[in-house]
Amino acid sequence: MTDYPTNSTEKNQSADESYMQLALQLAGLAAQAGEVPVGAIVVKDGIIIGRGSNSPIGMHDPTAHAEIAAMRDAAQHLGNYRLVDCTLYVTLEPCAMCTGAVQHARIAKLVYGAGDPKTGACGSVVNLMAEPKLNHHTEVIGGVLAEKCGAILSTFFKQRRKNKVATDYQ
């Protein structure tokens, strides 16, 4: 069997999928805790330096989104609020709050799984990342393992409706 060289696009796609699988595991932990299943990780130089999963319900904190938790963890790891040359992987397209935090942190690349047609701020509802007036622009790649990322959310909400659990998700 002949080994064919892999181009950098294939390597990047494979790495993006591997990191997204890890973010999906964190989303699963959020679901087990009764939170909307979103997970996120921050990677720098091939090393995971931040992890987070949704926890606004349990923490009574509207800012406790997976992306924010992962960036806080990464910032503590680096000892700096600037996350230059880092990549954020998140299972769901970030909202406006999280997109703003990504820009303020100077994240170089954002990779997300499922689009969010209700609150997505990277193209689904608005595209804050493409706003030319902003002083930082993050590379955005959407749709990585989108089906798996969407499925965990669909399953979660289907179960919620089945159990008729009253929630205030918005």
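Quick note: the coordinates plus some simple rules give every number you see, no bench work behind them. Since we're looking at a predicted model, the values are computed, not measured. Here the Cβ positions follow ideal geometry from the backbone for every residue, glycine too, while neighbour counts run over all protein chains shown.
So here's what we get for this one:
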item	result
Convex hull (Cα only) mean projected area of the stretch 92-147, reported in nm² to one decimal	3.4
Selection from 88, 101, 78 lying farthest towards where the dipole of the chain points positive, charges on Cβ	101
Cross-link pairs beyond the 25 Å C-alpha cut-off, checked among 44/118; 118/158; 118/148	44/118
For the stretch 43-95, size of Cβ-based charge dipole, Lys and Arg +1, Asp and Glu -1, in debye	120
0 to 90° range, to nearest 10: angle between helix 96-105 axis and the chain longest Cα axis	40
Over the chain, relative contact order from alpha-carbon pairs under 8 Å, at least 6 apart, %	17
Mean separation of Cα contacts under 8 Å (6+ apart) over length of the stretch 110-161, as relative contact order %	43
Unit charges on C-beta of K, R, D, E only; dipole of the chain, Debye	500
Helix 8-32 axis, angle to the chain major axis (alpha carbon atoms, nearest 10°)	20
The stretch 41-137, relative contact order in percent, only Cα pairs under 8 angstrom and at least six apart counted	22
Charge tally in the Cβ shell below 15 Å around residue 50, where Lys, Arg are +1 and Asp, Glu are -1, residue 50 excluded	+2
Gain on full stretching of the segment that runs from residue 21 to residue 81 - 0.36 nm per residue minus C-alpha separation	19.0 nm
Counting DSSP beta bridges with both ends in the chain, the antiparallel % (nearest 5)	60
